[in-house]
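In what follows, a structure is listed as structure tokens, so that the remarks can point back to it.
Bear in mind these aren't lab numbers, they're just calculated from the coordinates by the rules spelled out. Just so it is clear, the structure is predicted and the values come from calculations on it, not from any experiment. Cβ placement follows ideal geometry from the backbone for every residue including glycine, while neighbour counts extend to all protein chains displayed.
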Amino acid sequence: MSKIVACYKWVLDESDIRINSDLSVDFSKAKGKISDYDRNAIEAAVKLAEAVGAKPVGLTFGSSKARQSLKDALSRGLEEAFWVKAEEAENADGAVTARALAAGIKAMGDVALVICAEGASDTYARQTASRIGALLDLPVVTSVLRVTVEGNTVTAVRKLDDCLETVKFELPGVISVLPEAFQPTIPGLKAVMAAGKKPVTEYDCGSLGVNLVSARKVMEVKAYAQERRNIIIEGDNAAAKVAAVVSNLKKEGVL
Amino acid sequence: MAGVFVYSDKSGIALELVGCAKAAGKEAMVIVFSQEAAEEVKNSGADRVFILQGDNEVPENYAQAVADFLKEKSAELFLVGATARGRDLAARVAGYLDCPMASDVSAISFGDGKVTTERMIYGGAVTQKEELTGLSVVTVAGGKYAPIEGSAEVETVTVTPDNRVQLVERAPVERKGVNLQAADRVVCVGMGVEKEEDMQMIRDLAAVLNAEIGCTRGIAEEKHWLPPEQYIGISGAVIKPQLCVSIGISGQVQHTIGIRDSKVIVAVNNNEKAPIFKTCDYGIVGDLYEVVPLLIEELKK
Ligand SMILES: Cc1cc2nc3c(=O)[nH]c(=O)nc-3n(C[C@H](O)[C@H](O)[C@H](O)COP(=O)(O)OP(=O)(O)OC[C@H]3O[C@@H](n4cnc5c(N)ncnc54)[C@H](O)[C@@H]3O)c2cc1C
């Protein structure tokens, strides 16, 4: 059975990031998560595979930390997970990430469709689908709002800045879906239990021959400084709180 | 011919990117895919305009051709307008070249065989400075650089596009023309609002404040209660009003990046732990269904 592959990334949760007073960034308390919109890509793979009788699988490029992601991904309806492993994944740029994912897609074989999300919640670079398509020289359609597969033909409606564009292509190919195209479902207890028993394949970047060297160097990482007064008006009387805020706004001269 | 090669499906952005390259003392060449597009950029002050001519109406289908062309011309940078199409074409070109790319940068500077860029990561909580070596691709949103003038020679090069993705149809999407960027006051509404008819209350608040209405992504893209150009954040609009009143918004960074240039931010949320209270100047912990009507009353006084 041919595969529909959802690519996903295990990222640090941005809401756990702490900012130090010198604007350096403390990631040490940050927990991992499957990048928000990648859950939509997983949902897309599951739904499309169901519609055409293909096998929905997940693919991630990640360090040893990404192990935690596998069960989560599999509980979302995927039947098998593939993990291209390298510690370098944590600082990989778009070029290295796409090379690793493309190598994983080649290695698993029999892939009809690759689905990426619009962008990852950490870098939000929006490169991966297009780069994978180029590396594998497959047709690519990005910004997909609606998609149907009939036989070998994919018809997709793209949402662009000033138009809705309908295009079609023959499988195999790569698409990126907009977050609003597929709403992820929250996995139930049964799905979570079943996930532990589903197959996982690990690939080593070395044996896949993935070039992990990038021509991009990170020079500096700095927090954005946010200076706000954070005056929370207290009290049980809503009308009094509203009056206090309005009077402050008048004093500020913004009313 | 070293130099910076510019592309945008929006001619206005292409003009700005030429301005960016020329201001840095670089040679600037514009790539277009049609005669009409060439007309729109031939007075951009670029050194040359290249029409890559093929029989395909989807610009992204020229990615391989552009990659080959950039190599042949020994380009140092492919500078692309960060629109949906531009990002896709740019990343595909970067894929065919297997070269570095920086997306949606807020700053760019040119060094010897290198470019240094700055961009937001983690939804806008953090900025990252990167150095790209060798032929690279960078995307930049419109509105960052000033266009210049001067006529450019136009040259046509015949190329072979990738015809595997076929255009079926295009339906233009009308913009309502709300100018959030220029608004002095904005009422921003989030998923705390339960029903579409409750939006009337938000419109009433905006009316007494003489404010425009903005929203979070979910209100536009999931609920469709407001058009997409009215949502604010990293993938939407960025506003800088005197006053931003945030109603029923949790305040995650992907949204607040779009409001943080406001002079004063007021937030109403019934969850005292909502992150919006860390991003606001004045906060009211309370039910918006109680607070908004009171606000309207108080402002009418
Ligand atoms: C890569 C990426 C890009 C994104 N880009 C954007 C973007 O550009 N713009 C954007 O907006 N989002 C963006 N998001 C989504 C963003 O992370 C948040 O999910 C979104 O902004 C949340 O919208 P919200 O605050 O309206 O909804 P929620 O997070 O659901 O918050 C609703 C809030 O309403 C409050 N509430 C509920 N009932 C009441 C009541 N009766 N009275 C008062 N308060 C109430 C709740 O306490 C809650 O805090 C992006 C996400 C990712 C991953």
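Considering chain A as a Gaussian network with a 10 Å cut-off on Cα pairs, which listed residue, A:Pro184, A:Pro199, A:Pro172, attains the greatest mean-square fluctuation?
In this elastic network of chain A, the residue with the biggest mean-square fluctuation among A:Pro184, A:Pro199, A:Pro172 is A:Pro199.
Tell me the relative contact order for region B:1-153 as a rounded percent, counting alpha carbon contacts under 8 Å between residues six or more apart.
Relative contact order here is 30 percent.
Quick one: pull the percentage of alpha-carbon pairs in region B:18-69 with a separation above 12 Å.
On the way: 852 of 1326 pairs.
Summing the P(r) tail past 12 Å for region B:18-69 gives 64 percent.
How shielded is A:203-212 by partner chains, expressed as the average number of their Cβ atoms within 10 Å of its Cβ atoms?
0
Give the Debye-formula value of log10 I(q)/I(0) at each listed q (0.14, 0.18, 0.19 Å⁻¹), with one equal scatterer per alpha carbon of region B:182-224, two decimals each.
The Cα Debye sum returns log10 ratios of -0.30, -0.49, -0.54.
Angle between the Cα long axis of helix A:94-108 and the longest principal axis of chain A, 0 to 90 degrees, nearest 10?
Helix A:94-108 sits at roughly 40 degrees to that axis.
Using only Cα atoms and rounding to the nearest 10 degrees, what angle (0 to 90) does helix B:63-72 make with the longest principal axis of chain B?
Taking the Cα atoms of chain B, the angle to B:63-72 is about 50 degrees.
Whole number please: convex hull volume per residue, Cα atoms of the protein assembly as shown, in Å³.
158 Å³
Only Cα pairs under 8 Å and at least 6 apart count here; give the relative contact order of chain A as a rounded whole percent.
Relative contact order for chain A comes out at 23 percent.
For an R0 of 45 angstrom, estimate the FRET efficiency from the Cβ-Cβ distance between B:Glu57 and A:Gln68 and round to the nearest 0.05.
That pair, B:Glu57 with A:Gln68, gives E of 0.50.
Per residue of region B:5-20, what does 6.51 cos²θ - 1.76 cosθ + 1.60 with θ = phi - 60° give for ³J(HN,Hα)? Whole Hz please, x for Gly and Pro, Karplus curve as stated.
Karplus values, whole Hz, x for Gly and Pro: 9, 10, 9, 8, 6, 9, 4, x, 6, 4, 4, 5, 5, 4, x, 4.
log₁₀ I(q)/I(0) of region B:49-106 at q = 0.16, 0.20, 0.31 Å⁻¹, via Debye over equal Cα point scatterers, no solvent, to two decimals?
Log10 of I(q)/I(0), two decimals: -0.47, -0.75, -1.52.
Debye sum, Cα scatterers, region B:198-301, no solvent: what log₁₀ I/I(0) at q = 0.15, 0.17, 0.21, 0.25 1/Å?
Cα-only, vacuum Debye calculation for region B:198-301: -0.58, -0.76, -1.21, -1.65.
Using a Gaussian network for chain A with springs between C-alpha atoms less than 10 Å apart, which of these wobbles most: A:Met219, A:Met193, A:Met108?
Evaluated over chain A, the most mobile residue of the options is A:Met219.
Specify the longest stretch of chain A that does not include any exposed loop site, a site being one of the GluC sites (Glu not before Pro) with a non-H, G, I, E, B DSSP assignment and at most 13 other Cβ atoms within 10 Å. Show your work: numbers first, answer last.
On the way: sites that count: A:Glu227, A:Glu234.
It works out to A:1-226.
Would you mind checking region A:64-92 for residues with the amide N under 19 Å from a putative spin-label position 7 Å along Cα→C-beta of A:Leu189?
Backbone N within reach: A:72, A:75-77.
In deg cm²/dmol and to the nearest 500, what is the mean residue ellipticity at 222 nm of chain A if only DSSP H runs of at least 4 residues count, each as -39500 (n - 2.57), divided by the residue total? Walk me through the numbers on the way to the answer.
On the way: 7 runs with 74 residues, N = 255.
Helix-only estimate at 222 nm: -8500 deg cm²/dmol.
Place a point 7 Å from Cα of A:Val218 in the direction of its Cβ. Which residues in region B:130-162 have their backbone N less than 11 Å from it?
Residues B:130 fall inside that zone.
Determine, from the Cβ-Cβ distance of A:Lys47 and A:Asp236 and an R0 of 35 Å, the FRET efficiency 1/(1 + (r/R0)^6), rounded to the nearest 0.05.
0.15
If the chain between A:Ser2 and A:Asp110 were fully stretched, how many nm would it gain, using 0.36 nm times the residue separation less the Cα-Cα distance? If you can, show how the numbers build up before the last one.
Values: separation 108, 0.36 × 108 = 38.88 nm, distance 0.52 nm.
Contour length minus the Cα-Cα distance gives 38.4 nm.
When the Karplus curve 6.51 cos²θ - 1.76 cosθ + 1.60 is applied with θ = phi - 60°, which whole-Hz ³J(HN,Hα) does each residue of region B:236-246 get, with x for Gly and Pro?
For region B:236-246, the Karplus curve yields x, 7, 10, 10, 9, x, 5, 9, 10, 10, 9 Hz.
How many nm is it between the label spots at A:Glu227 and B:Arg170, if each spot is 7 Å from the Cα in line with the beta carbon?
4.7 nm
Dividing the convex hull volume of the Cα atoms of region B:247-301 by its residue count, what figure in Å³ per residue is obtained?
It is 76 Å³ per residue.
Mind putting together the pair-distance distribution for region A:3-208? All Cα pairs, 5 Å bins, whole percent per bin, short to long.
1, 8, 16, 21, 21, 16, 10, 5, 2, 1, 0, 0
Relative to the longest principal axis of the C-alpha atoms of chain B, give the angle of the C-alpha long axis of helix B:288-300, reported between 0 and 90° and rounded to the nearest 10°.
It works out to around 80 degrees.
Once you keep just the Cα pairs under 8 angstrom separated by 6 or more residues, what percentage relative contact order results for region A:1-80?
38 percent
Taking 32 Å as the cut-off for C-alpha to C-alpha distance, list the pairs among B:Lys42/B:Lys114; A:Lys197/B:Lys195; A:Lys9/A:Lys190; A:Lys65/A:Lys168 that go past it. Don't skip to the end; give the middle numbers.
Working: B:Lys42/B:Lys114 28 Å; A:Lys197/B:Lys195 42 Å; A:Lys9/A:Lys190 24 Å; A:Lys65/A:Lys168 38 Å.
Long pairs (Cα-Cα over 32 Å): A:Lys197/B:Lys195; A:Lys65/A:Lys168.
According to the Kirkwood expression over distinct Cα-Cα pairs, how big is the hydrodynamic radius of chain B, in Å?
For chain B, the Kirkwood estimate is 21.2 Å.
If we sort B:273-282, B:138-147 on the protection proxy, mean other Cβ atoms within 10 Å, highest first, what's the order?
B:273-282, B:138-147
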